[in-house]
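Enquirer: Below are the structure tokens for one structure; questions will follow.
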Amino acid sequence: MSADPVALIPDVERPAQAPAPKEHVLRRLARDPLALISMVYLAIIVVVGLGAPLLAPHSPNHVDLTLTNAAPFTSEFLLGGDASGRDILSRLLWATRGTLLACVVVLVVSTVVGVVGGLLAGYFQGRAETVASWVSDAIMALPGIVLLIALYTVIGPSIITAMAVFGLLIAPSNFRLVRAVVAGMRNELYVDAAKVSGLPDWRIIFRHVLLAVRAPIIIQSGFVLAAGIGIQAGLEFLGLGDPRTPSWGGILQQSFTTIYLNRGAVVAPALLVCFTTLAFVLLANALRDVLQSGSRHRPLTSRQLAAARASVVTPEAEPGPADDALLTVRSLRIGYPDGAGGVRQVVSGVGLSVRRGEIHGLVGESGSGKSQTAFAVLGLLPKDAIVLGGSVLFDGADLLADRDAARAARGARIAYVPQEPMSNLDPTITIGRQLTAGLRAVRRLSKREAREHLLRLLGRVGIADPETVFDLYPHQISGGMAQRVLITGAIAGDPDLIVADEPTTALDVTVQADVLELLRELRDERGLGMVLVTHDLGVVADICDTVSVMHDGEIVECQPVRALFTSPREPYTRELLSSALDPEEMP
Amino acid sequence: MIVYTLRRLGSALLLTAVVTCATFLLIFRDGPSIARAILGEQATQETVDARAVELGLDQPVFSQYWQWLRDLSGGSLGHSFFTGEDVTSMLATRVPVTLIITGVVVLLMGLISVLVGTAAAVKGGWIDRVLQFFAVLGSAVPAFIVAVLLVLTVAVGWGLLPATGYVQPERDLGGWARSLVLPVLAILIGSVGSAAQQFRGAVSDILQQDFVRTLRSRGIGEGRIVFGHVLRSAAAPGLTILGLQTIGMLGGVVLIERVFALPGIGDLAVEMALRADIPVVMGCVLFAVLVVVVVNLVTDVVGAWLNPKVRIS
């Protein structure tokens, strides 16, 4: 804790998933070697602290002047003697009791004050909560050790009182946790239900909140104790502890002042403090992994990956791409780690083909794998996605196998129109700058040429005042305008193929029609091929030439749009049509 | 933007006022016992009472606080109980030492965090694992323990650098720099790991945002995306991380100054606390609170300025 512990305590403010049963947690902890070592080490510290009178070879104040500044491992003073001729080992053993006591004090004060304060503030809310939160924030902002030094003038050399004050100073971390949980729970139904059934309020709070915050508080306690031991040793090292009783920090300080006379003497107290704080932090980290592990996915090992790839059946020789095909996807399979060493397939053998000037719709419900297919075509799958097989043929190259070809194609020949216009613009730079960056990445143009080109295109996609919009930041324009900007970005490099992922879903209905119209016009002007991912059959009917229907990672049916709507072959397609479309709206 | 800055400024002043007031009331609460602490157990009650009157400790604590505020408005923080020296001028000789150590550490920490944090977020792999290891280690081991171990090995063991002591820069610039290496290193080792790891988190959050994918789709190279776009967005969270770490470091700096016998504010505070020279301790507290408040203010205002949504509206 180089750093002030109050500021450093990591945020465990996620009132996590229900904690697993207790013995289960311990067993899982024991499987983590670092956690196991930490637990054993801390258990030894506790035993040593409690058993010091029996275990220590000497009393802490036993003096043998012949062993003054004795080096470690050279005399009956195993870890050496201090400047007054006392046994460092015995003093450390006795000092452990002070550390244990301080730990208990810090833990009790910080937990009781934090939890009770959080319960009250979260439950009563209103002005009390505002004040409590302000105080809590103020305390969090302060360098705790400076205040403890100042308070030494009031409390004197009593390390236990100082540690109680430290417990107060660190209580806000628990306070914030509990308050957030209570505030969230207040509004939840089962509290209301319990109210109706006539339970007194405090019981509701205790039962539900304490259960919910138990796991994060246990984890937090590890960090609090590590910080507390560091602070305690620090205060004692500064000479602000009780000089009459041995303490880890005090022994370290005494050894440090004689470091030139007896080098080895600082090693034991320094490492003792070091290992103890480390043990608490490691244990807390391990506990967090065990108690809140829901979100963590381990990446697959290379062997697991090979096994997953081998399990995929490679299709027999497929027909080559049609002569006039711009893009041909064959047997595409994509998966993600399932968290248990296997792979969950989200795209299972998808094939489709797009001609120049064709708008190919890819429809299906969410989770059917249509967006994943689109990203695979763009070569922009998320990092943890695993391509299990298949090919994306574009202009003679397999973009899945040939990363360079994929890179060269992106922006220049294959472009992307995203779903959510606002989140797809870099919020920190102007529209002009981000469009220019994209254009100049694929075309050798001067800044001025790029600007002129882009202004023309912005005008073309229906932006009334391109010059002004060019210098605006994304948050200054509307969603519809942002989508036009993104379309400009897509067509700027003069691509042959556009992959549009739900390009109208986030827009107002009136704007939707305009954007679809724009896409159609651009297709006509430039002979673009287009893959249009959508769940909206209205959009499909409006603009697509061909439609592939996706379900559970597979394409179940592919037909020209009119044929699909009039004579769907698959039951799933019929289901989709009947659930989504009014008969009159069909083309 | 101006309104925001003024609001933050007001809240900073309020925090300073509340904390210094609370501290003052706490440590000046019991005037007679302060006088007793100054004179020692042997002093007679009469001399103690006389000293209390002389130092104004017989006054009610609120009127002492009022006096302190009035002195403060005149630029004075009172006088030492022992030497009678002006607290302001005592602080003035100490502040530069503390600020230089802190400043160098913050600078290096910022630089290393951005480099390592970005590399870990973009490349992942072993850099990421090494960083995680150091983050845990650094945040777990107190800085002063690191300092003691550094003195033991680098200074006493290998004799590479001076163990303790401070050299005035105007006397020997090289010696001054050498006297700062170990202190800076000790604080840095403790804080840079977690700072870099937090920055790594900020960068990898941004890397997962939609706009990064869209920029990639335009054919912009990965390097340009990281340096031209991602780091720009990471500047605001990065600043917050740096601010928090800077404040967090202050406690470590106090201890480090004692380990290396550097004549900074922390050293002064401890020395004066042990002697019950309360006006000087109060001055040190004010300094620490001001550092916290100023760092927070700068982080907030610059962070807001970095965000076009706040800047342009």
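Enquirer: In the set B:Leu99, B:Leu14, which member is open to solvent by 60 Å² or more (accessible area, probe 1.4 Å), within 24 Å of A:Pro143 (Cα to Cα), part of a helix (DSSP H, G or I) and more than 14 Å from chain A (Cβ to nearest Cβ)?
Expert: Answer to the check: B:Leu99.
Enquirer: Something else: Is it the case that some residue within the range B:144-154 is assigned to a loop (DSSP other than H, G, I, E, B) and touching a helix residue (DSSP H, G or I) at 6+ places or on another chain (Cβ under 9 Å)?
Expert: Scanning the range B:144-154, I find no residue that is assigned to a loop (DSSP other than H, G, I, E, B) and touching a helix residue (DSSP H, G or I) at 6+ places or on another chain (Cβ under 9 Å), so the answer is no.
Enquirer: If you scan the range B:255-283, which residues turn out to be part of a loop (DSSP other than H, G, I, E, B) and either within 7 Å of chain A (Cβ to nearest Cβ) or of a type in the set (A, V, I, L, M) (or both)?
Expert: Within the range B:255-283, B:Ala261, B:Leu262, B:Ala276 qualify.
Enquirer: Taking the stated definitions as given, is A:Gln483 in contact (Cβ under 8 Å) with a residue 60 or more places away in the chain and either in a helix (DSSP H, G or I) or within 14 Å of chain B (Cβ to nearest Cβ) (or both)? Steps first, please.
Expert: Working: in contact (Cβ under 8 Å) with a residue 60 or more places away in the chain: yes; either in a helix (DSSP H, G or I) or within 14 Å of chain B (Cβ to nearest Cβ) (or both): yes.
Yes.
Enquirer: For the structure I just gave you, tell me whether B:Val289 is facing another protein chain (nearest Cβ under 8 Å), part of a helix (DSSP H, G or I) and modelled with pLDDT of 90 or more.
Expert: Against the criterion (facing another protein chain (nearest Cβ under 8 Å), part of a helix (DSSP H, G or I) and modelled with pLDDT of 90 or more), B:Val289 qualifies.
Enquirer: Still on this model: Does any residue of the range B:29-39 turn out to be within 13 Å of chain A (Cβ to nearest Cβ) and in a loop (DSSP other than H, G, I, E, B)?
Expert: For the range B:29-39, residues within 13 Å of chain A (Cβ to nearest Cβ) and in a loop (DSSP other than H, G, I, E, B): present.
Enquirer: A further question follows. Would you point out which residue out of A:Val109, A:Val154, A:Val135, A:Val131 is aliphatic (A, V, I, L, M), more than 14 Å from chain B (Cβ to nearest Cβ) and assigned to a helix (DSSP H, G or I)?
Expert: Checking each option against the conditions leaves just A:Val109.
Enquirer: Among the candidates B:Ile225, B:Ile187, single out the residue that is aliphatic (A, V, I, L, M) and either farther than 28 Å from B:Leu250 by Cα or more than 10 Å from chain A (Cβ to nearest Cβ) (or both).
Expert: When all the criteria are applied, what remains is B:Ile225.
Enquirer: Free of Cβ contacts under 8 Å to residues at least 12 places away in the same chain, within 9 Å of another protein chain (Cβ to nearest Cβ) and either open to solvent by less than 30 Å² (accessible area, probe 1.4 Å) or in a helix (DSSP H, G or I) (or both): which single residue out of B:Gly252, B:Gly219, B:Gly248 fits that description? Full working, then the answer.
Expert: Details: B:Gly252 fails: free of Cβ contacts under 8 Å to residues at least 12 places away in the same chain; B:Gly248 fails: free of Cβ contacts under 8 Å to residues at least 12 places away in the same chain.
Of B:Gly252, B:Gly219, B:Gly248, the one residue that is free of Cβ contacts under 8 Å to residues at least 12 places away in the same chain, within 9 Å of another protein chain (Cβ to nearest Cβ) and either open to solvent by less than 30 Å² (accessible area, probe 1.4 Å) or in a helix (DSSP H, G or I) (or both) is B:Gly219.
Enquirer: Separate question: Quick test of your reading of the structure: A:Val182 fulfils all but one of (1) of a type outside the set (Asp, Glu); (2) modelled with pLDDT under 90; (3) open to solvent by 50 Å² or more (accessible area, probe 1.4 Å). Name the failing condition by number.
Expert: (3)
Enquirer: Looking at (1) more than 7 Å from chain A (Cβ to nearest Cβ); (2) closer than 30 Å to A:Leu283 by Cβ; (3) modelled with pLDDT of 90 or more, find the lone condition where B:Gly125 falls short.
Expert: (3)
Enquirer: Please name all residue pairs, on different chains or six or more residues apart, with Cβ atoms under 7 Å, provided the first residue is in the range B:63-89 and is within 21 Å of B:Val53 (Cβ to Cβ) and the second residue is basic (Lys, Arg).
Expert: Going by the 7 Å Cβ cut-off, the qualifying pairs are B:Phe82/B:Arg275.
Enquirer: Restricting to the range B:302-313, what's the tally of residues that are open to solvent by 30 Å² or more (accessible area, probe 1.4 Å) and either part of a helix (DSSP H, G or I) or in contact with a strand residue (DSSP E or B) (Cβ under 6 Å, 6 or more places away or on another chain) (or both)?
Expert: 6
Enquirer: Now a separate question. If the Cβ limit is 6 Å and pairs must be 6+ apart or interchain, which residue in the range A:220-247 that is within 16 Å of A:Arg288 (Cβ to Cβ) and at the interface with chain B (Cβ under 9 Å from one of its Cβ atoms) pairs with which residue that is in a helix (DSSP H, G or I) and β-branched (Val, Ile, Thr)?
Expert: If the second residue must be in a helix (DSSP H, G or I) and β-branched (Val, Ile, Thr), the pairs left are A:Ala226/A:Thr277; A:Ala226/A:Val281.
Enquirer: Can we say A:Ala408 is over 22 Å from B:Asp210 (Cβ atoms) and within 9 Å of chain B (Cβ to nearest Cβ)? First the steps, then the outcome.
Expert: Numbers: over 22 Å from B:Asp210 (Cβ atoms): yes; within 9 Å of chain B (Cβ to nearest Cβ): yes.
Yes: the conditions hold for A:Ala408.
Enquirer: Related question: Return only the number of the condition from (1) touching a helix residue (DSSP H, G or I) at 6+ places or on another chain (Cβ under 7 Å); (2) within 14 Å of chain B (Cβ to nearest Cβ) that A:Gly364 does not satisfy.
Expert: (2) is the only condition that A:Gly364 fails.
Enquirer: Additional query: Can you name every residue in the range B:57-88 that is open to solvent by 60 Å² or more (accessible area, probe 1.4 Å), at pLDDT below 90 and closer than 13 Å to B:Asp277 by Cα?
Expert: Of everything in the range B:57-88, those that are open to solvent by 60 Å² or more (accessible area, probe 1.4 Å), at pLDDT below 90 and closer than 13 Å to B:Asp277 by Cα turn out to be B:Phe82, B:Thr83.
Enquirer: Only one residue in A:Ile477, A:Ile491 is under 29 Å from A:Leu393 (Cα atoms), touching a residue at least 24 places away in the same chain (Cβ under 8 Å) and open to solvent by less than 20 Å² (accessible area, probe 1.4 Å), so which one is that?
Expert: A:Ile491
Enquirer: From the list B:Ile145, B:Ile112, B:Ile187, B:Ile127, which residue is open to solvent by 20 Å² or more (accessible area, probe 1.4 Å) and under 19 Å from the mean Cα position of the chain (by Cα)?
Expert: Working: B:Ile145 fails: open to solvent by 20 Å² or more (accessible area, probe 1.4 Å); B:Ile187 fails: open to solvent by 20 Å² or more (accessible area, probe 1.4 Å); B:Ile127 fails: under 19 Å from the mean Cα position of the chain (by Cα).
After applying the criteria, what remains is B:Ile112.
The values are calculated or read from the model by the stated rules, or taken from the named source; none is laboratory data. Just so we're clear, the structure is a prediction, and the values are computed from it rather than from any experiment. Neighbour counts are summed over all protein chains in view; Cβ atoms, including those assigned to glycine, are modelled from backbone coordinates with ideal geometry. To get the accessible areas, we keep the full protein, side chains included, count just its heavy atoms, and leave off ligands, DNA and RNA. Shrake-Rupley method; radii C 1.70, N 1.55, O 1.52, S 1.80 Å.
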